[in-house]
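Asks: Structure provided below as structure tokens; questions to follow.
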Amino acid sequence: MSKEQNNHSAQYLTHQEIVPILVGLMMGLFLAALDQTIVATSIRTIGDQLNGLSLQAWVTTAYLITSTITTPLYGKLSDIYGRKPLFIWAISLFIAGSALSAFSSSMGMLAVFRAVQGIGAGGLFTLALAIIGDIVPPRERSKYQAYFIAVFGSSSVLGPVVGGFLAGTDSILGLAGWRWVFFVNVPIGLVALFVVNRTLHIPNFQKVNHPLDWSGAISLSTTLVPLLLVAEKGREWGWTSTDSLTCYAISIIGLVWFIRAESKIGDEALIPLRLFKDKTFSLLTIIGVITGMGMFGGLAVLPLYLQIAGGANPTQAGLQLLPLTLGIMSGSVFSGQIISKIGRYKMFPILGATLMTIGLGWMTLLTVDTPFIAIAGMSLIFGFGLGNLMQPTVLAVQNAVSPRDIGVATSSVTLFRQLGATLGTALFLSLLFGGLPTNVGERFAAAAQDPAYAATFQTDVIDAAKNGTITDANAHLLELNQGGANVFDDTSWIEQATPALVRPLKDGFTDSTVIVVLVGAIATAFSILFALFVPNNRLRERDEEFVPATE
């Protein structure tokens with residue numbers, strides 16, 4: 001056994017030593033996970049208050065770009081300088097970005113401070129997984145990583161509820177309610193800093209004076225930034241517009257540059273290309289991209305369906321997603337416990353991808369009248385599949401690489417999954433809103449053939465407009481009937497309109513939702529095929545040396 005392997009085996013900790021470290025890691029993760037769901041719920045209110053709703057995309061994009069780009073940087077830097085200082089740095093930046101965001105006076109200022117938040121967020125999830133990889137042997141990791149999935153699950157429920165409450169409150173302790181969406185991160189982050197600083201000790205870490213791969217970092221940024229810009233703005237620009245084509249070209253140039261730079265620098269690369277020679281790493285990278293896309297086929301449109309077609313407010317929609325959260329958490333615990341007992345993982349990517357496909361396939365049967373019990377069943381199956389897929393892929397990758405590559409391997413698989421999710425969100429939202437005019441138009445045309453609908457529309461909309469008694473909500477229906485503004489720029493009026501008259505709009509939105517989940521199901525079905533070829537390697541035990549896979 002090599003000196004490196006001996007040192008790494010010796011630094012695995014006992015359960016009693018791991019628990020306090022785990023608490024600090026979970027608090028750091030909670031910061032990033034909760035922030036995403038809180039901001040998503042309250043961004044419309046924030047945009048209105050700062051008189052810049054049209055700029056809200058840049059607030060999201062700034063955070064997305066910096067968090068994505070810094071993910072592999074944290075992995076590589078932590079392999080060189082250690083996990084603890086990088087994790088503390090990530091939390092500190094996130095706290096600073098949150099405090100600055102809370103006192104923003106314009107959407108442009110908020111976008112800049114959200115970028116600072118994103119730099120911190122890029123290290124929280126990756127470093128937490130890498131730290132567990134340092135102190136827990138592969139076969140035991142699933143038990144502890146299940147807690148991380150639980151953190152993300154709970155935040156997906158708490159986020160919309162808390163975000164809706166804060167955004168809807170005029171003032172808390174003298175500050176506008178929406179500012180607490182960001183300010184609430186400060187006390188949580190300070191406690192996390194204290195706990196991490198006191199408890200996080202990774203024994204036997206040896207600093208290695210490797211050169212930093214600046215060429216790889218810059219070329220990776222050149223590749224990703226244009227793609228993320230198109231993902232966020234492509235629907236507005238047009239996917240084949242000059243702006244989009246320019247971004248594609250810059251990304252291709254950046255990718256060629258990145259591959260050449262990484263090949264030249266070898267083992268010191270930001271993402272060493274030799275990792276892709278490992279069958280497990282390569283296949284799970286592909287699965288991560290595909291399932292990241294498919295995952296958001298459900299996660300991006302289901303809350304919108306619940307609110308627009310189902311009539312729920314953001315808080316209610318968050319609570320209605322409890323079955324999805326329960327599925328993610330139970331799937332994670334289930335896979336973690338079984339993996340710990342049998343020491344193998346291959347069945348779980350297959351099971352997870354299959355259940356996600358079934359859940360998304362079932363969602364293609366959605367209508368406006370689908371009972372909640374059926375929606376809960378779809379969500380539960382989809383979430384259980386996702387829970388069975390997320391942590392086994394990380395475990396498999398960490399087991400496939402040598403201890404010195406755990407940081408960069410973990411950050412790489414996280415990066416590709418996040419890229420898949422980002423591109424998937426752009427694709428599915430484009431499908432959703434791009435098909436709405438046609439689907440809604442067809443539904444209204446069909447409804448107009450019904451004499452009862454036509455009579456109600458004549459009375460409540462056309463005659464009321466002539467008499468000056470039309471409601472603000474029904475006025476949107478008149479605009480829509482006359483081919484006016486896009487009514488989905490603001491959907492708050494839908495529940496105030498005459499229910500019978502707005503039904504075709506809800507049906508059209510559901511039709512678009514069905515198209516999205518169908519494409520998502522097809523995407524996740526492909527990941528099943530790749531999962532079948534993943535090697536079923538045995539997870540290493542405590543004090544067992546690393547041996548490169550021969551499969």
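Every read-out reported here was derived from the displayed coordinates using simple, explicitly stated rules and does not represent laboratory data. Worth saying up front: this structure is predicted, and the values here are computed from it rather than measured. All Cβ positions, even for glycine, are placed from backbone atoms using ideal geometry, and neighbour counts span all protein chains on display.
Asks: What lysines does Lys506 reach when the alpha-carbon gap must be under 28 Å and sequence neighbours fewer than 8 apart in one chain are set aside?
Replies: Within the straight-line cut-off, Lys506 pairs with Lys233, Lys466.
Asks: Here is a further query. Sort the following peptides by mean Cβ neighbour count (other Cβ atoms within 10 Å, averaged over residues), highest first: 100-106, 512-518.
Replies: 512-518, 100-106
Asks: Now, a different point. Fewest first, what order do Leu190, Leu158 take by the number of other Cβ atoms within 10 Å?
Replies: Leu190, Leu158
Asks: Mind putting together the pair-distance distribution for the range 274-551? All Cα pairs, 10 Å bins, whole percent per bin, short to long.
Replies: 7, 26, 26, 18, 12, 7, 4, 1, 0
Asks: Could you check the spin-label model distance between His15 and Ile259? Points 7 Å from the Cα along Cα→Cβ, value in nm.
Replies: Label-label distance for His15 and Ile259, simple model: 4.8 nm.
Asks: Quick one: if you stick a label point 7 Å off each Cα along the C-beta vector at Met109 and Arg404, how many nm between them?
Replies: That separation, rounded to one decimal, is 4.8 nm.
Asks: Would you mind working out the magnitude of the charge dipole of the chain relative to its Cα centre, with +1 at each Lys and Arg C-beta and -1 at each Asp and Glu C-beta, to the nearest 20 Debye?
Replies: 1560
Asks: Additional query: On the first, second and third principal axes, largest extent first, how far apart are the outermost C-alpha atoms of the chain in Å?
Replies: 87, 50, 47
Asks: Could I ask something else about it? Would you please give the FRET efficiency between Phe334 and Thr169, computed as 1/(1 + (r/R0)^6) with r the Cβ-Cβ distance and R0 = 30 Å, to the nearest 0.05?
Replies: With a Förster radius of 30 Å, E is 0.20.
Asks: Let me ask something else about it. Below 8 Å between Cα atoms, with a sequence gap of 6+, how large is the relative contact order for the range 274-551 in percent?
Replies: Here the relative contact order equals 37 percent.
Asks: Please report the relative contact order for the range 401-534, taking Cα pairs under 8 Å with a sequence separation of at least 6, and give it as a percent rounded to a whole number.
Replies: About 33 percent, as a whole number.
Asks: Using θ = phi - 60° and the Karplus curve 6.51 cos²θ - 1.76 cosθ + 1.60, what whole-Hz ³J(HN,Hα) does each residue of the range 523-528 get, with Gly and Pro shown as x?
Replies: Values per residue, Gly and Pro as x: 5, 5, 4, 5, 5, 4 Hz.
Asks: So what J values fall out for the range 179-187 if you push phi through Karplus, 6.51 cos²θ - 1.76 cosθ + 1.60 with θ = phi - 60°, rounded to Hz, Gly and Pro as x?
Replies: Per residue, the Karplus-derived 3J(HN,Hα) values read 5, 6, 4, 9, 5, 5, 5, 5, x Hz.
Asks: Gain in length, Ala454 to Thr367, computed as 0.36 nm per residue apart minus the alpha-carbon separation, to one decimal in nm?
Replies: So the chain would gain 29.1 nm between Ala454 and Thr367.
Asks: Determine, for each peptide in 378-386, 109-117, the mean count of other beta carbons within 10 angstrom over its residues, then list the peptides with the highest first.
Replies: Order by mean packing, descending: 378-386, 109-117.
Asks: Still on this structure, please answer the following. For the residues His201, His476, what sequence is obtained by ranking on other C-beta atoms within 10 Å, fewest first?
Replies: His201, His476
Asks: So, one more: Packing-wise, with mean Cβ within 10 Å as the measure, how do 63-70, 270-277, 404-411, 20-27 rank, highest first?
Replies: By packing density, highest mean first, the sequence is 404-411, 63-70, 20-27, 270-277.
Asks: Further, regarding this structure: Identify, among Ala455, His476, Ser251, the residue whose Cα sits farthest towards the positive end of the charge dipole of the chain, taking +1 on the Cβ of Lys and Arg and -1 on the Cβ of Asp and Glu, with the dipole about the Cα centre.
Replies: Ser251
Asks: Roughly how many Å is it from the Cα centre of the range 70-88 to that of the range 93-160, as a whole number?
Replies: Comparing the Cα centres of the range 70-88 and the range 93-160, I get a distance of 14 Å.
Asks: Something else about it: Report the per residue volume, in Å³, of the convex hull enclosing the C-alpha atoms of the range 279-401.
Replies: Given the Cα convex hull of the range 279-401, per-residue volume reads 94 Å³.
Asks: Moving on to the next point. Hey, what number do you get for the chain at 222 nm if only DSSP H runs of n ≥ 4 count, each worth -39500 (n - 2.57), divided across all residues, to the nearest 500?
Replies: Mean residue ellipticity, 222 nm, calculated: -25000 deg cm²/dmol.
Asks: Between the range 381-432 and the range 519-535, how many Å separate their Cα centres?
Replies: 13
Asks: Further question: Provide Rg over Rh for the range 214-269; use the alpha carbon set for both Rg and the Kirkwood Rh (inverse mean inverse pair distance).
Replies: Over the Cα atoms of the range 214-269, Rg/Rh equals 1.11.
Asks: I need to check one value: relative contact order of the chain, counting alpha carbon pairs closer than 8 Å and at least 6 residues apart, in percent.
Replies: 22
Asks: Here is a follow-up. How large is the direction-averaged shadow of the alpha-carbon convex hull of the range 363-492, in nm²?
Replies: With every direction weighted equally, the projected area is 11.5 nm².
Asks: Then there's this: Compute the separation of the alpha-carbon centres of the range 246-264 and the range 175-199 and state it in Å as a whole number.
Replies: Rounded to whole Å, the Cα centres lie 38 Å apart.
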